[in-house]
Amino acid sequence: MVIPIAITCFTRGLDIRKEKADVLCPGGCSLEEFSVFGNIVYASVSSICGAAVHRGVIDTSGGPVRVYSLPEGKSSSQEATGRAVSTAHPPAGKRLKKTPEKKTGNKDCKADIAFLIDGSFNIGQRRFNLQKNFVGKVALMLGIGTEGPHVGLVQASEHPKIEFYLKNFTSAKDVLFAIKEVGFRGGNSNTGKALKHTAQKFFTADAGVRKGIPKVVVVFIDGWPSDDIEEAGIVAREFGVNVFIVSVAKPIPEELGMVQDVAFVDKAVCRNNGFFSYHMPNWFGTTKYVKPLVQKLCTHEQMMCSKTCYNSVNIAFLIDGSSSVGDSNFRLMLEFVSNIAKTFEISDIGAKIAAVQFTYDQRTEFSFTDYNTKENVLAVLANIRYMSGGTATGDAISFTVRNVFGPIRESPNKNFLVIVTDGQSYDDVRGPAAAAHDAGITIFSVGVAWAPLDDLRDMASKPKESHAFFTREFTGLEPIVSDVIRGICRDFLESQ
């Protein structure tokens, strides 16, 4: 008597290496959940048990199935207790599949989700497969569809690898097979490196990210990460990604000395409030943990990190147009301002940009409500005409607080003022700057050439050393761009 080999609902025809094999399908292999290509004759990428259910050889309670595998282009068959059901490799270049109806999915759980799985030697091949099985169950329960959640997969190991993107699959059964296809990579569990890579490279429009929908990364960590995860968590928050940490098998006391940072979970998550972390004791018997995790991922009102420094700030630029600047250097100032502005997501519901040029007088070049596209803002900045005159920076700060920030005082965005000047002010800057700080406006002061360091520090918000910058030459403004952007994002995160 031949004892059938126990297989899973995910096992495909091509996974059976023999020309003939007796297998045992488990119960619960629902046809809707597993890809089946063909009719009577089935493609080798089909689920064996799914094909058997489709053909009526077994029902969803499972049972024995005989699998025949023949060379490509030939036919093969499966049978169960005398009844036959055929399967086959698809003809070269042709996929035997009826066009599926597009499923809309769970509209109440709209999210763009990256599963970041642990593929390190720390987890090992066996637990890696159990992890994939769990992720498949989570993906299935989410209700993936065109109008519901979209998911992709990234594997953390020595070097991160994006296995598939959000745009690649919009049905649950295709996602399940794609997860099953993922191979174990090994190496160190460089979770921080993988999380940073995911935040920066995965959630792009080209990769299928949708506007106005929460971006989520679910990070699975078996034990502990091999690298620093705190900085990666900060980068993810800057990009508006809600980080969930699913920790499995926490390090035992004897292992704690190997962990770089025992509090890595709290430092990586979007908010340290308990909502964004989830723990399972091991990878066995995890079915009961699927639904609670899915409920978290679908509670979108708590996805607080969708607001970012890139889409939730008002930035006014106060630009020195005095005679000492000169027209060519004034152009370099405008380039500096444009390079900062173009980093932000300018829209009617996103970041807002305004600009004021000053000498002894002040001129509002445009206010926060004038332009709500990046293209328009950059075009207007490039065409600002150089005024020429004296330098009254204090009056300019007061003018900007009153006339530019005043009309938008009810805005939910955080307010920033970036001052660019090349010389000493003829009036007091300390009082107007203090009034701006009191009004909730964070000031970055950028000095060039003859700008006194004392004035720059007096105008800048605290801590002074990270809000005041100086360069001797106008060409030195370019390297300061990234410092100001990172400073705005840091201040925004701390204010949240």
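Among residues of the range 333-355 that are among the acidic types (Asp, Glu), those with a beta-carbon under 6 Å from a residue that is open to solvent by 10 Å² or more (accessible area, probe 1.4 Å) at least six positions away or on a different chain give the pairs GLU345/TYR310; GLU345/ASN311; ASP348/ASN372.
One residue stands out among those in the range 287-320 that are open to solvent by less than 10 Å² (accessible area, probe 1.4 Å) and not hydrophobic (A, V, I, L, M, F, W, C): the one that is farthest from ILE485 (Cα to Cα), which is ASP320. Checking ARG185, ARG237 one by one, the residue that is open to solvent by 10 Å² or more (accessible area, probe 1.4 Å), in contact with a Ser or Thr (Cβ under 8 Å, 6 or more places away or on another chain), in contact (Cβ under 8 Å) with a residue 60 or more places away in the chain and in a helix (DSSP H, G or I) is ARG237 and no other.
Of the residues in the range 102-116, none is at pLDDT below 80, assigned to a helix (DSSP H, G or I) and among the charged types (D, E, K, R).
Scanning the range 273-320 for residues that are assigned to a helix (DSSP H, G or I), modelled with pLDDT of 90 or more and of a type in the set (A, V, I, L, M) gives VAL290, LEU293, VAL294, LEU297.
For the range 158-179: of the residues being out of contact with any Asp or Glu (no Cβ under 9 Å at 6 or more places or on another chain), over 27 Å from VAL269 (Cβ atoms) and assigned to a helix (DSSP H, G or I), which is least open to solvent (accessible area, probe 1.4 Å)? Across the range 158-179, the extreme among qualifying residues is PHE177. Here the range 334-351 is the region considered, the condition is being aliphatic (A, V, I, L, M) and more than 18 Å from ILE488 (Cβ to Cβ), and the residue that is most open to solvent (accessible area, probe 1.4 Å) is ILE349. Scanning the range 216-231 for residues that are over 29 Å from PHE284 (Cα atoms) and either at pLDDT 90 or above or crowded, with 24+ Cβ neighbours inside 10 Å (or both) yields a count of 0. Can you tell me which residue within the range 321-333, out of those that are outside any helix (DSSP H, G or I) and open to solvent by less than 10 Å² (accessible area, probe 1.4 Å), is farthest from TRP450 (Cα to Cα)? By that ranking, first place goes to GLY321. Which of the residues belonging to the range 454-490 are open to solvent by less than 30 Å² (accessible area, probe 1.4 Å), part of a loop (DSSP other than H, G, I, E, B) and either among the polar types (S, T, N, Q) or farther than 13 Å from PHE416 by Cα (or both)? Within the range 454-490, SER461 is the sole residue that qualifies. Any residue in the range 64-71 that is of a type in the set (S, T, N, Q), more than 30 Å from ARG185 (Cβ to Cβ) and modelled with pLDDT under 80? No, there is no match, as no residue in the range 64-71 is of a type in the set (S, T, N, Q), more than 30 Å from ARG185 (Cβ to Cβ) and modelled with pLDDT under 80. Is at least one residue of the range 400-409 out of contact with any helix residue (DSSP H, G or I) (no Cβ under 6 Å at 6 or more places or on another chain), surrounded by 19 or more Cβ atoms within 10 Å (Cβ to Cβ) and of a type in the set (Ser, Thr, Tyr)? Yes, because at least one residue in the range 400-409 is out of contact with any helix residue (DSSP H, G or I) (no Cβ under 6 Å at 6 or more places or on another chain), surrounded by 19 or more Cβ atoms within 10 Å (Cβ to Cβ) and of a type in the set (Ser, Thr, Tyr). Report, by residue number, each residue of the range 413-455 that is more than 40 Å from the chain's Cα centre (by Cα) and acidic (Asp, Glu). Within the range 413-455, ASP427, ASP428, ASP454 meet the criteria.
For the range 38-52, name all the residues that are assigned to a loop (DSSP other than H, G, I, E, B) and either surrounded by 22 or more Cβ atoms within 10 Å (Cβ to Cβ) or at pLDDT 75 or above (or both).
Within the range 38-52, ALA43, SER44, VAL45, SER46 qualify.
Considering the range 430-439 alone, what residues qualify as being touching a Ser or Thr at 6+ places or on another chain (Cβ under 9 Å), under 15 Å from ASN403 (Cα atoms) and open to solvent by 40 Å² or more (accessible area, probe 1.4 Å)? Correct list: ALA435 only.
Of all residue pairs spaced 6 or more apart or on separate chains, none has beta-carbon atoms under 7 Å together with a first member in the range 130-154 that is without any contact (Cβ under 8 Å) to a residue 24 or more places away in the chain and open to solvent by 10 Å² or more (accessible area, probe 1.4 Å) and a second member that is in a helix (DSSP H, G or I) and not β-branched (Val, Ile, Thr).
Applying the set (1) within 22 Å of ILE488 (Cα to Cα); (2) surrounded by fewer than 19 Cβ atoms within 10 Å (Cβ to Cβ); (3) of a type outside the set (Gly, Ala, Ser) to TRP450 leaves exactly one unmet item: (1). Against the conditions (1) open to solvent by 70 Å² or more (accessible area, probe 1.4 Å); (2) in a loop (DSSP other than H, G, I, E, B); (3) out of contact with any Asp or Glu (no Cβ under 9 Å at 6 or more places or on another chain), GLU375 satisfies every one except (2).
The values are calculated or read from the model by the stated rules, or taken from the named source; none is laboratory data. From a predicted model like this one, the values you see are computed outputs, not experimental measurements. Cβ coordinates were reconstructed from backbone atoms using ideal geometry, including for glycine residues, and neighbour counts include every protein chain displayed. When the accessible area is computed, the model is the full protein with side chains, heavy atoms only, and any ligands, DNA or RNA have been set aside. Shrake-Rupley method; radii C 1.70, N 1.55, O 1.52, S 1.80 Å.
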